[in-house]
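Here's the structure, in structure tokens; my notes come after.
No lab work stands behind these numbers, since they all come straight from the coordinates. Just so you know, these numbers come straight off a predicted model, no measurement behind them. We place every Cβ from the backbone using ideal geometry, glycine too, and count neighbours over all the protein chains shown.
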Amino acid sequence: MSNRLAAIRDVISEKKLDALLVSSADNRRYLSGFTGSAGYLFITSQEAVLATDFRYIEQAGQQAPAFRVVRIASSLDWFTQLLGETKAKSVGFESDHMTVSSHQRLSQKLQETPVDGNTVALSPLTGLTDEIRTFKDAEELKLLQRAIDISDAAMNAVSPTVQPGVSEAEVAWRLEKAMREMGAEGSSFDTIVGSGPNGALPHHRAGERLIQAGEPIVIDMGAKYEGYCSDLTRTIFIGEPDETFRKVYDIVLGAQLTAIHLVKPGMSGTDADALARKVIDEAGYGESFGHSLGHGVGLAIHEYPGVGPNSPGILKEGMVFTIEPGIYISGWGGVRIEDVVLLGAKGATLLSKANKIGRGGA
Ligand code: GLY
Ligand code: MN
Ligand code: MN
């Protein structure tokens, strides 16, 4: 935690700010250890303050020993009091993580409460902690790997039990139950089970449709462990795969393996995306792969780095992200295969290892 605080203080000083106000729950947790649902961090070069309400005061003291805990009552006095104490004149805030109405309330309070005769400026900033979070430290990698191992094991245990006549919702429940029994605190997002034509909707939610023989089923799920999320997709087929499935599956798997094998630090997210997109384009299915190749994953299910056609940011050693190409055909269904990788100096290491059906086969 102290390294994280030092890293964000470097950013505060680079940006020539006196203080940073952190409002994102994931960033609050990352920097302080506090897991409560409400509160702000106020960080300067000297001060680290966690402001939260009555419900969390004791918990905050236990979870965030490096922070001074102050209580938020019914007004924003806690904020102006901190400005008065620290003499901060320029305060950055996370513009990706603050509602317009919160910002309006803060701005109005600052207008009403000048510090030493001056109105304190609020500067909108993006990135900051979110960018630091792209590099996973050893403790994070341990927790992330546990989340990934749980979803791998649940997928391996449950996918062979999927039979005709079972509903998508039942499959989702079996997966979620298995993950909980294996130690997950919950699912990292609503489990997707897209059977037959539903698989053409990349984020179809598991519903009441009964699975039938002779159709593909896209299963996308993840476990949450100590706040860290896993994200895993497998496409299975009930019965003997037909020619269309073999062809489409083979293209998606080829695209995924190409990206996993060729992605290197120094590439942009766009370059990485292009590795898989080229394979799918050349097979004639470019129009059927309408989403990004992947995304960072950690405390949030979707976080930096971006790995898509419009992701100019550079991928670096220590980043963790998904590689999940797909082909979606309206009326038929879809195939997506998703794994999580850790980028090392020489390339990607697979962190997820759930069984895949054989290339082109069942
Ligand atoms: N299930 C969300 C994703 O794979 O990104
Ligand atoms: Mn997924
Ligand atoms: Mn994903």
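Here is how the numbers come out for the structure above:
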| read-out | value |
| --- | --- |
| Extreme residue, positive dipole direction of the chain, given options ASN27, GLY84, ILE323 (C-beta unit charges) | GLY84 |
| Charge sum, other residues only, whose C-beta stays under 14 Å from ASP77's C-beta, Lys/Arg counted +1 and Asp/Glu -1 | 0 |
| Local electrostatic count at PRO160 - Lys and Arg +1, Asp and Glu -1, tallied over other residues with Cβ under 12 Å | +2 |
| Total formal charge among the other residues, if their Cβ is under 13 angstrom from that of GLY344, Lys/Arg +1 and Asp/Glu -1 | +3 |
| Filtered GluC sites (Glu not before Pro), region 50-142: DSSP coil and at most 12 other beta carbons within 10 Å | none |
| For the chain, size of Cβ-based charge dipole, Lys and Arg +1, Asp and Glu -1, in debye | 500 debye |
| Of the trypsin sites (Lys or Arg not before Pro) in region 1-107, those whose Cβ has at most 11 other Cβ within 10 Å and which sit in DSSP loop | LYS16 |
| DSSP H segments from the chain that extend 24 Å or more along their own axis, Cα-based, with Kyte-Doolittle mean of 0.0 or above | 138-158, 243-262 |
| Candidate aspartates and glutamates - alpha carbon under 13 Å from LYS346, same-chain residues fewer than 8 apart omitted | GLU317 |
| Calculated [θ] (222 nm, deg cm²/dmol) that DSSP helices of n ≥ 4 give over the chain, each run adding -39,500 (n - 2.57) | -10500 deg cm²/dmol |
| Computed over the chain: relative contact order in percent, which uses C-alpha pairs under 8 Å that are six or more apart | 14 percent |
| Given charges at Cβ of Lys, Arg, Asp, Glu: region 235-302 dipole, positive-most of ALA276, GLY286, HIS261 | HIS261 |
| Phi to ³J(HN,Hα) by Karplus 6.51 cos²θ - 1.76 cosθ + 1.60 over region 304-310, Hz, x for Gly, Pro | 5, x, x, 9, x, x, 10 |
| Centroid-to-centroid separation of region 253-280 and region 73-114 [C-alpha atoms, Å] | 43 Å |
| Cβ charges +1 (Lys, Arg) and -1 (Asp, Glu), total dipole of region 220-307, debye | 200 debye |
| Residues of type aspartates and glutamates that LYS353 reaches as a straight line, Cα spacing below 19 Å, ignoring anything fewer than 8 places off in the same chain | GLU140, ASP149, ASP152, GLU176, ASP220, ASP231, ASP250, GLU324, GLU338, ASP339 |
| Neighbour-limited loop hits for trypsin sites (Lys or Arg not before Pro), region 277-362 (at most 12 other Cβ within 10 Å; DSSP other than H, G, I, E, B) | LYS346, ARG359 |
| Residues of type aspartates and glutamates that LYS87 reaches as a straight line, Cα spacing below 20 Å, ignoring anything fewer than 8 places off in the same chain | ASP10, GLU14, ASP18, GLU47, ASP77, GLU112, ASP116 |
